[in-house]
Amino acid sequence: MLNTGKNRIIAATLAFSGTITIPGLHKFYLGQPIWGIVYVILSWTPIPRVASAIEFIWYLTQDQSTFDRYFNVGISRAKVSPLGNNQVESVANALRELDALRQEGLISEYEFEQKRRRMLDHI
């Protein structure tokens, strides 16, 4: 099955519906089930409804690339921004250097993982 990613308009529609009906459906759609459960548990308060309204506006006002960066990580980005071999090679070299710093104890495992994820997100 072809994974086309999450649709910004569907997420916005679900967030808007959360202001009227059950809040948190957009969180389940976007692959954040823990937050979805929190929204449902707190549905007797106005907090998740206000948060859903804010997220509805946020989803509508951001451009598609920003939405993709937050919610479509791991989807083939070759269509969006193809990278040349030089860019991939430079990221690979940077990752090797970062791993060397980790192995020498100059950065922690947590710092390594955070920086590694940031680098890979740019690919």
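The values are calculated or read from the model by the stated rules, or taken from the named source; none is laboratory data. This is a predicted model, so every value here is computed, not measured. Cβ: placed from backbone, ideal geometry, glycine included. Neighbour counts: every protein chain shown. SASA here: full protein model, heavy atoms, side chains in, ligands and nucleic acids out. Shrake-Rupley method; radii C 1.70, N 1.55, O 1.52, S 1.80 Å.
Can you pull out the residues in segment 7-60 that are over 17 Å from Asn72 (Cβ atoms), of a type in the set (A, V, I, L, M, F, W, C), touching a helix residue (DSSP H, G or I) at 6+ places or on another chain (Cβ under 7 Å) and not in a helix (DSSP H, G or I)? The answer is Ile22, Leu42. Applying the set (1) under 16 Å from the mean Cα position of the chain (by Cα); (2) at pLDDT 90 or above; (3) open to solvent by 60 Å² or more (accessible area, probe 1.4 Å) to Trp44 leaves exactly one unmet item: (1). Among the criteria (1) part of a loop (DSSP other than H, G, I, E, B); (2) open to solvent by less than 70 Å² (accessible area, probe 1.4 Å); (3) modelled with pLDDT under 90, the one Ala94 does not fulfil is (1).
Screening the candidates Gly31, Gly5 for the property of being open to solvent by 40 Å² or more (accessible area, probe 1.4 Å) and on the phi > 0 side of the Ramachandran plot yields one hit, Gly31.
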